[in-house]
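S.K.: I'd like to ask some things about the structure below.
The values are calculated or read from the model by the stated rules, or taken from the named source; none is laboratory data. In this text, all values refer to a predicted model and were calculated from it rather than measured experimentally. Here the Cβ positions follow ideal geometry from the backbone for every residue, glycine too, while neighbour counts run over all protein chains shown.
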Amino acid sequence: MKTYFNLLGLVVIVLTTLFSMSSCDKNNDDPINENELSAGDKLLQQVLVQNVDGTINPIYQALAADCSNLYDEMKVIRSAAATKSVTQDMVNSACTSWKKARANYELSEAFLMGAAADFSIDPHIDSWPLDLDQLWTLLSSTNMVNKLDGDDGPEYANTNLGQNLLGFHGVEFILFRDGSPRPASEFNGYDSYNKDGLDFTSFSGEYEMVYALAVCGDLRNSCYRLETSWNEKAPAAHFSVMSDLEWSTTLTSGNSYGKNMKISGEAGSTYSSVRNAASAVLVGDGGAAGIADEVGNVKIGNPYTGKDINYIESPYSYNSLTDFYDNIESIRNIWMGGSLGNRVSGISFSVYFAKYNTAIGQRVEKAMDNAQSAINAIPKPFVKNYTSSQCATAMSACTELVNALNAANDYIQSSKD
């Protein structure tokens, strides 16, 4: 009996030793246990959760609601155009709603990674310049207009119109002229747009509203997809629209994009660590540094340098500079946590750097301030002032913001905290 117990004890010791050795020799690709995270990484993990719950989801929720409201208003105008009873109040209200939805979309551009990229939503709803030649051809075709009319118009627009006829700027062209709401009389009669060899005066306001309503419906559906893809708790009615359209809203794992970020470093997440996820937010494709670079070198730079003088965002509403400012504000929201007037104290990239590297944190925050100030100093409207020397100042300020965000990411990736 004594021999039996000695053998049993030896087996237990061997198994315990093997288990201990295997635990110490973990593969680098294994999920990170929260207990193994450094204090700095634990704070970053909280920042990522706050990023989803306090910044991304609320912005997408507001965007979806705004686009839904805009679509309902466009329905009213389209119906009134059929009986030549559109009022100026209807048009003015729709323009205000467009600007509100537009603001929330621009406030989302610091987190175009994830659903916006994977489902190609950004180019689908926010490409410019609008192709007026194609629009002229479309409105010349009664058959095409008839296909866009009706409840399935948004689906037809989604699959049959090119991205340079879709999204915010298609709706913008119909609602605005020279920075102001169009006269209601044009929706009860004929357009007055005659420029660059294109004569829209032969197109009825009703035809234009058929097109705009279908495009606006597709815009609403696309923003529902952004909302439901990030937030599994989005309204059931919005998920129902996705189901009817047979549009996927999850990663292949079945997780929402929000959950995927919140469980960074754990099994089931596409992010191998919290640092990997933080890098995606700050400098990855579709992240904060990317939109800072786009504002400076593309949105401002293309027309200013002469590379493409037609590459001007939101030219019909004169909303360009507001778009640029809001893009930088989207970076601020990611950095500070939440949105202006709704910050969460103690959990943000700002707090992380205040604790671990104040110089880099202050550099990023100064760069954001300078970029917004430089954009505000460009004479309005941008479409008429894109050659202003102040554009160069704004471009340089955006470049410094890109560099500051890269420095922040470099610190996080190399930190021992």
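S.K.: Under 6 Å between Cβ atoms, which residue pairs at least 6 apart in sequence (or on different chains) link something in the stretch 236-255 that is without any contact (Cβ under 8 Å) to a residue 12 or more places away in the chain with a partner that is surrounded by 15 or more Cβ atoms within 10 Å (Cβ to Cβ) and part of a helix (DSSP H, G or I)?
M.R.: Final answer for the pair search is PHE239/THR228.
S.K.: I'd like the full set of residues that are closer than 28 Å to ASN194 by Cα and assigned to a helix (DSSP H, G or I), limited to the stretch 102-127.
M.R.: Step one: list which residues in the stretch 102-127 are closer than 28 Å to ASN194 by Cα, which gives 102, 123-127.
Passing the criteria: ARG102, PRO123, HIS124, ILE125.
S.K.: Next question. Taking the condition basic (Lys, Arg), at pLDDT 95 or above and over 20 Å from the mean Cα position of the chain (by Cα), does LYS307 pass?
M.R.: When the stated conditions are applied, LYS307 passes them.
S.K.: Might you check whether a residue that is at pLDDT 95 or above, assigned to a helix (DSSP H, G or I), farther than 17 Å from HIS124 by Cβ and out of contact with any strand residue (DSSP E or B) (no Cβ under 6 Å at 6 or more places or on another chain) occurs anywhere in the stretch 210-228? Break it down stepwise before answering.
M.R.: Keep residues of the stretch 210-228 that are at pLDDT 95 or above, which gives 210-228.
Next, from what is left, pick out any that are assigned to a helix (DSSP H, G or I): 210-228.
Subsequent filtering for residues that are farther than 17 Å from HIS124 by Cβ retains 210, 213.
Now narrow it down to the ones that are out of contact with any strand residue (DSSP E or B) (no Cβ under 6 Å at 6 or more places or on another chain): 210, 213.
For the stretch 210-228, residues at pLDDT 95 or above, assigned to a helix (DSSP H, G or I), farther than 17 Å from HIS124 by Cβ and out of contact with any strand residue (DSSP E or B) (no Cβ under 6 Å at 6 or more places or on another chain): present.
S.K.: Please go through (1) of a type outside the set (Ser, Thr, Tyr); (2) farther than 30 Å from GLY179 by Cβ; (3) assigned to a loop (DSSP other than H, G, I, E, B); (4) free of Cβ contacts under 8 Å to residues at least 24 places away in the same chain for GLN362 and return the number of the only condition it doesn't satisfy.
M.R.: (3)
S.K.: In this structure, does ASN164 turn out to be within 30 Å of VAL281 (Cβ to Cβ), without any contact (Cβ under 8 Å) to a residue 40 or more places away in the chain and either under 25 Å from the mean Cα position of the chain (by Cα) or not in a helix (DSSP H, G or I) (or both)? Even if it seems obvious, please write down each step before you answer.
M.R.: On the way: within 30 Å of VAL281 (Cβ to Cβ): yes; without any contact (Cβ under 8 Å) to a residue 40 or more places away in the chain: yes; either under 25 Å from the mean Cα position of the chain (by Cα) or not in a helix (DSSP H, G or I) (or both): yes.
Taking the combined requirement at face value, the residue satisfies it.
S.K.: Name the residue that is farthest from GLY287 (Cα to Cα), counting only residues in the stretch 389-417 that are polar (S, T, N, Q) and without any contact (Cβ under 8 Å) to a residue 40 or more places away in the chain. Even if it seems obvious, please write down each step before you answer.
M.R.: Of the stretch 389-417, the ones polar (S, T, N, Q) are 389-390, 393, 396, 399, 403, 406, 409, 413-415.
From what is left, the residues that are without any contact (Cβ under 8 Å) to a residue 40 or more places away in the chain are 389-390, 393, 403, 414.
Values: SER389: 28, GLN390: 26, THR393: 23, ASN403: 14, SER414: 20 Å.
Per the stated criteria, the residue is SER389.
S.K.: Just the residues that are over 16 Å from ILE121 (Cα atoms) and in contact with a helix residue (DSSP H, G or I) (Cβ under 8 Å, 6 or more places away or on another chain), please, taken from the stretch 149-169. Lay out the reasoning, then the answer.
M.R.: Going through the stretch 149-169, the residues over 16 Å from ILE121 (Cα atoms) turn out to be 149-153, 156.
Scanning the stretch 149-169 gives ASP149, GLY153, TYR156.
S.K.: Are there any pairs with C-beta distances below 7 angstrom linking a residue in the stretch 292-314 that is assigned to a helix (DSSP H, G or I) to a residue that is among the hydroxyl-bearing types (Ser, Thr, Tyr) and surrounded by 18 or more Cβ atoms within 10 Å (Cβ to Cβ), with the two at least 6 apart or on different chains, and if so which?
M.R.: Note: pairs meeting the criteria are PRO303/TYR386; TYR304/TYR386.
S.K.: Only one of LEU130, LEU135 is assigned to a loop (DSSP other than H, G, I, E, B) and either acidic (Asp, Glu) or more than 30 Å from PHE353 (Cα to Cα) (or both); which?
M.R.: Only one candidate qualifies: LEU130.
S.K.: Follow-up question, since we're still on this one. So MET261 fits all but one of (1) farther than 14 Å from ASN51 by Cβ; (2) crowded, with 21+ Cβ neighbours inside 10 Å; what number is the exception?
M.R.: Failing condition for MET261: (1).
S.K.: Now for a different question. Quick check, is ASN376 crowded, with 16+ Cβ neighbours inside 10 Å, polar (S, T, N, Q) and part of a helix (DSSP H, G or I)? Before the answer, list the steps.
M.R.: On the way: crowded, with 16+ Cβ neighbours inside 10 Å: no; polar (S, T, N, Q): yes; part of a helix (DSSP H, G or I): yes.
Judged against the criteria, ASN376 is not a match.
S.K.: Being of a type in the set (A, V, I, L, M, F, W, C), buried (at least 17 other Cβ atoms within 10 Å of the Cβ) and modelled with pLDDT of 95 or more: is that true of ALA367 here?
M.R.: Numbers: of a type in the set (A, V, I, L, M, F, W, C): yes; buried (at least 17 other Cβ atoms within 10 Å of the Cβ): yes; modelled with pLDDT of 95 or more: yes.
So ALA367 passes the test.
S.K.: OK, next. Residues of the stretch 317-350 being more than 15 Å from CYS391 (Cα to Cα), of a type in the set (Ser, Thr, Tyr) and under 21 Å from the mean Cα position of the chain (by Cα), which ones?
M.R.: Answer for the stretch 317-350, where residues must be more than 15 Å from CYS391 (Cα to Cα), of a type in the set (Ser, Thr, Tyr) and under 21 Å from the mean Cα position of the chain (by Cα): SER317, TYR318, SER330, SER339, SER348.
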